[in-house]
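The values are calculated or read from the model by the stated rules, or taken from the named source; none is laboratory data. Being a predicted model, the structure only gives us computed values, none of them experimental. Neighbour counts are summed over all protein chains in view; Cβ atoms, including those assigned to glycine, are modelled from backbone coordinates with ideal geometry. Areas reflect the complete protein model, heavy atoms only, side chains present, ligands, DNA and RNA absent. Shrake-Rupley method; radii C 1.70, N 1.55, O 1.52, S 1.80 Å.
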Amino acid sequence: MVLAVRYPEQLGTIPHAFINGAGCSGVGAVRPLTDPATGRVFLETNESSPEQAQNAVQAAKAALPAWSDTAPGKRADVLFRLAGLIEAQADELAVVEALNVGKPLSQAKRDVGRAADYFRFYAGCCDKLNGDTIPLGPDKTALTVMEPVGVTVHILPWNYPISTLARGVAPALAAGATVVAKPSELTPLSAIMVAQLAIEAGLLDGVLNVVCGAGSVGETLCTHPDTAHVTFTGSTQTGRSVMQSASAPIAGVTLELGGKSPVVVLADADLDAAADGIAKGIFFNAGQVCAAGARLICDRSVHDDLLEKLIQAAQKLTIGHPLDDPDLGPLVSSDQLSRVEGFVVRAKEAGFRCVTGGQRARPKGLEGGLFYEPTIFADVPANSEIAQSEIFGPVLITQLCDTFDEALTLSNNSPFGLVAGIYTANVTKAMRYARQVEAGQVFINGFLQGGDTVPFGGVKQSGIGREKGLAGLAAYTVEKSIVLNHAEGQL
Ligand code: NAD
């Protein structure tokens, strides 16, 4: 049943930016936010102007001494309180996120929970940023201290707005750095709500700022002379220009970029478990997931059985309004829908076999929504466009192999290297695959089986640096070394 969509009342009260501890209106271009399931504009916002972006960096710079000098235990208190406030407001945050992104409500709730978990994990790290001592003989001592990197800029995508915000902002704040975040122009709301909650949690004014708008706002932040680090999550193409922009202030970069991740299934695998993991790995969030398992590389002897299970799984998925919590919501925007349609049309024109889906979905009452059917192309050539490019939609391709080595070669035949998976009963082969596949993270017998405290990031064109876990702190700390001469007569 389609809800008579209840747009939350608080939507109208969310400011358009958050600078120096206060919400404010944007003074840039008008940006209507649209419910992708209905096409209805649910909020008119204004983008931030270049001056507002600069003011946000200035506020973050001004707040740096006080925040970095705040005792680690007190910083932890604030972040723990923020985690609690996010959880207390989880229902409202999830509705806003579901509506803005088009993601099913239970998936949005999970993202909000993950955001709270990131703040809680990094709260626990505030007082554990230990340095080192280095032996230099009896008369000298060298020690290192971990200092905050400075003003950090966080540029976010639209597919996981609140959890990608938290996974970068939480370690930055834990390290004593200050933040200017720029969410995607399509999905700005949850970042602003988190910044409001942070003030309620006791964060000092100016420590966490949010400005909104398109790429030019991000570019202003990346090129600002006071920016010390840029954490960017988005497409590989934009990542390249962010890297270039960040070269102006010689800022560090963490780049979390795109993927076309392989999942290998060998002949001895548990096919039911594989089908379950692969279907979730490509159809979750309508396939708009950087780590989606978009390429199934399957032993020829079990391919048709597994394909049949996957077709059945795809056809069982419910499609509807995000607030009705179906399995699949709409794609985020008409641009994204056209992108997915373009890949599918070209693959069909090239003669590839589409075994399920392959067109827009038109659920009853939501015929104008931006929905796309879960789609599978079978036995696709390795160097075709649909096998090589990130589609970022609910489209799986399969490729056949006869040997383990062929599976490995096909896996590595990609410009990307974000994650990879393998299903097999043979631990020797699984571990050999894990070591030899070009990816930042490998899942054995359970694709995307969780791990938000496990380091995450890509190799090749999927990115630079790591987020999550203790590794996620490295970008936000600078190790300073101090050498003290304490020989007699020197002090
Ligand atoms: P995108 O690259 O279009 O935009 C990402 C962000 O960059 C947005 O906030 C956008 O406004 C901003 N931006 C655009 N041009 C800019 C510029 N020149 N300078 C600074 N900022 C600029 O990506 P998207 O469409 O929002 O997200 C989808 C992409 O993100 C996919 O490729 C996906 O794989 C990737 N992604 C990666 C991860 C990861 O962790 N590796 C996670 C989520 C999404």
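Quick check on my link table: of Lys74/Lys128; Lys182/Lys280; Lys103/Lys316; Lys460/Lys480; Lys103/Lys364; Lys280/Lys316, which ones sit more than 23 Å apart, alpha carbon to alpha carbon?
Cα-Cα > 23 Å for Lys182/Lys280; Lys460/Lys480; rest within.
Quick check: at a probe of 1.4 Å, how many percent of the accessible area of the chain sits on carbon and sulfur atoms?
52 percent
Could you work out the Rg to Rh ratio of segment 284-346, with Rh taken as the Kirkwood radius (inverse of the mean 1/r over all Cα pairs)?
Result: Rg/Rh = 1.02.
Under the √(5λ) rule applied to the eigenvalues of the Cα gyration tensor, what semi-axes describe the equivalent ellipsoid of segment 262-452? Give them in Å, descending.
Value: 27, 17, 15 Å, ordered largest first.
Accessible area per residue for the chain in Å², computed with a 1.4 Å probe and the full protein assembly in place, what is it?
I get 39 Å² per residue for this part.
Report, please, the projected area of the chain averaged over directions, based on the convex hull of its C-alpha atoms, in nm².
Seen from a random direction, the Cα hull of the chain projects 24.7 nm² on average.
Convex hull volume of the Cα atoms in segment 35-165, per residue, in Å³?
For segment 35-165, the hull spanned by Cα atoms encloses 150 Å³ per residue.
Could you check the simple spin-label distance between Ser338 and Lys480, using points 7 Å along Cα→Cβ, in nm with one decimal?
Spacing of the two 7 Å Cα→Cβ label points: 5.1 nm.
Tell me the relative contact order for the chain as a rounded percent, counting alpha carbon contacts under 8 Å between residues six or more apart.
18 percent
For the chain, give the share of DSSP beta bridges that are antiparallel, in percent and rounded to the nearest 5; count only bridges with both residues there.
Counting DSSP beta bridges with both partners in the chain, the antiparallel share is about 45 percent.
Run through all the Cα pairs of segment 309-421 and give the fraction in each 10 Å bin from 0, expressed as whole percent.
Reading upward from the zero bin: 13, 41, 34, 11, 2.
What number in nm² do you get for segment 130-231 if you take the convex hull of its Cα atoms and divide its surface by four?
8.3 nm²
Using 7 Å Cα-to-Cβ label points, what is the Gln237/Asp91 separation (nm, one decimal)?
4.2 nm
For a quick check of understanding: with a 1.4 angstrom probe and all protein chains in place, what accessible area in square angstrom does Asp379 have, to the nearest ten?
Answer for Asp379: close to 90 Å² accessible.
Relative contact order for segment 262-452: what percent, with Cα pairs under 8 Å and sequence separation of 6 or more?
29 percent
Using only Cα atoms, locate the centre of segment 349-365 and the centre of segment 47-94, then give the distance between them in Å, rounded to an integer.
The two parts, judged by their Cα centres, are 44 Å apart.
Please list 106-119, 155-168 highest first by mean number of surrounding beta-carbon atoms within 10 Å per residue.
Ranked from most to least packed, the peptides come out as 155-168, 106-119.
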